[in-house]
1. Of the residues S109, S126, only one is open to solvent by less than 20 Å² (accessible area, probe 1.4 Å) and touching a residue at least 12 places away in the same chain (Cβ under 8 Å); which?
2. Name the one entry in R70, R43, R77 that is among the basic types (K, R) and within 13 Å of the chain's Cα centre (by Cα).
3. Would you kindly identify the strands (runs of 3 or more DSSP E) lying entirely within segment 1-90 that contain at least 2 residues that are surrounded by 15 or more Cβ atoms within 10 Å (Cβ to Cβ) and not aromatic (F, W, Y)?
4. Quick check: anything in segment 97-107 under 14 Å from the mean Cα position of the chain (by Cα) and among the charged types (D, E, K, R)?
5. Restricting to segment 102-121, what's the tally of residues that are touching a strand residue (DSSP E or B) at 6+ places or on another chain (Cβ under 6 Å) and either within 23 Å of V41 (Cα to Cα) or modelled with pLDDT under 90 (or both)?
6. Consider segment 24-41. How many of its residues are free of Cβ contacts under 8 Å to residues at least 60 places away in the same chain and out of contact with any Leu (no Cβ under 8 Å at 6 or more places or on another chain)?
7. Just one of the numbered conditions (1) in contact with a Pro (Cβ under 7 Å, 6 or more places away or on another chain); (2) at pLDDT below 85 is not true of T134; which one?
Amino acid sequence: AGAMMVVVQNSGAVQLEAGDVVAAVGLSAPLAGNELSVPLVQRADADHTAVIGVVFSRFTVEEKVSEVERDGEVEQRTEWEARGVEGPAAPGDYVLIVVLGVAEVKVESTTGTITAGQHLAVSGISGHARTLQTRMMDGMIVSESAPTVGVALESLDVGQGTGTISVFITLR
């Protein structure tokens, strides 16, 4: 019933926080105890077309070693414990990102009021989304060509500048 999430690694020069819109920039080595590579991300801005999600939380994987007795002998067993953690993710840290579903997203309303139901695109403010610009052309609604983040589920007045609102993440 929740959002779909993916583990990624912060490869940018700045910390990532919950609500940041992120773009893919490559692949890292597999996460401990896994065989699959992890996408590298950084805050998205108007120059990034590879938007892949919105940061949900920092993510840690810790090695847990336990001793197990088997057939009279004690063996060490290594397990990996993964969990979400509060606080910003420094460069090199792992984060969980929402790729489909509802997430709290950093937005900016300097180009106009954001209203529920509007499509949102990557903003020029790093890590933020804004309204997707549309216009009428020959009786048709034409949208700008920008990576979309999702559909606003709440409003943000133009006078508020930046904030965080609920967005249904549907990347295109």
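The values are calculated or read from the model by the stated rules, or taken from the named source; none is laboratory data. This structure is a prediction, so every number in the text was calculated from the model and none was measured. Cβ placement follows ideal geometry from the backbone for every residue including glycine, while neighbour counts extend to all protein chains displayed. The accessibility values were calculated without ligands, DNA or RNA, using every heavy atom of the protein model including side chains. Shrake-Rupley method; radii C 1.70, N 1.55, O 1.52, S 1.80 Å.
1. It is S109.
2. R43
3. Because the criterion is at least 2 residues that are surrounded by 15 or more Cβ atoms within 10 Å (Cβ to Cβ) and not aromatic (F, W, Y), the strands (runs of 3 or more DSSP E) in segment 1-90 that meet it are 4-10, 21-28, 38-43, 51-70.
4. Yes - at least one qualifying residue is present in segment 97-107.
5. Summing the residues that are touching a strand residue (DSSP E or B) at 6+ places or on another chain (Cβ under 6 Å) and either within 23 Å of V41 (Cα to Cα) or modelled with pLDDT under 90 (or both) in segment 102-121 gives 13.
6. Residues flagged as free of Cβ contacts under 8 Å to residues at least 60 places away in the same chain and out of contact with any Leu (no Cβ under 8 Å at 6 or more places or on another chain) within segment 24-41 amount to 6.
7. (1)
Listed here are the residues, each with its yes/no results for (1) under 21 Å from the mean Cα position of the chain (by Cα); (2) among the small types (G, A, S).
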| residue | (1), (2) |
| --- | --- |
| G127 | yes, yes |
| T131 | yes, no |
| R135 | no, no |
| G139 | no, yes |
| A146 | yes, yes |
| V151 | yes, no |
| D157 | no, no |
| I165 | yes, no |
| F168 | yes, no |
